[in-house]
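**Q** Have a look at the structure that comes next, please.
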Amino acid sequence: MTTTGLVDRLRHGDPSAWREAYEAHAGRLLVWLRTLAPVDVAASAEDLASETWLTASTKVGEFRGGDDDFAGWLFGIGRLHAVNARRRTTRRNTQPSDAVPDVQTPPADEMALRVAAVRQLIDRLPPREREVIGCLEVVGLDIRTTATALGLSQAAVRVARHRGLARLRRVPSLSVTS
């Protein structure tokens, strides 16, 4: 019995294959896009994720790679959508029309506090280091997939990770392990 790979099943429009791919990557993709999404009410990470999946579904026939390469390709599409959204935001320079009052209400649980703190730390990094740390440390991609997603060499990913973690180690009262 021959088993057909996920990518081959995706190319043939198998709904169960798309469900399998979505379950495997959607959560990590959304978390990563939240680190890349511009601060603009017109472009949320959820919108970028939807655009990424739509593009993947229309371009999967052009994808040349195996099942192991799919995540890198998918995250690369997401990154391009995030870059385009950032450009649109810069051109529009939109701001919410009604200022939200600065009310300091603590999140419901400790995990939300930790996520907010990590996001603030990662936002301090230069863009390349932020993207690499987001892929490797936040989302849990491997170096090869991260390199594919970001259009970098594996060596450049390792260097950016090293530099990003070194910057984070210099933040007072923060202990980062590699």
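**Q** ³J(HN,Hα) across region 118-132 via Karplus (A = 6.51, B = -1.76, C = 1.60, θ = phi - 60°), whole Hz, x for Gly/Pro?
**A** Once θ is set to phi - 60°, the couplings for region 118-132 become 5, 4, 5, 5, 5, 5, 6, 6, x, x, 5, 5, 4, 5, 5 Hz.
**Q** Still on this model: What FRET efficiency, computed as 1/(1 + (r/R0)^6) with R0 = 35 Å and r the Cβ-Cβ distance, is obtained for S153 and K59, rounded to the nearest 0.05?
**A** Details: r = 23 Å, r/R0 = 0.67.
Calculated transfer efficiency: 0.90.
No value in this document is a laboratory result; all are computed from the given coordinates. What you see is a predicted model; the values in this text were computed from it and never measured. As a convention, Cβ positions derive from the backbone with ideal geometry for all residues, glycine included, and neighbour counts pool all protein chains shown.
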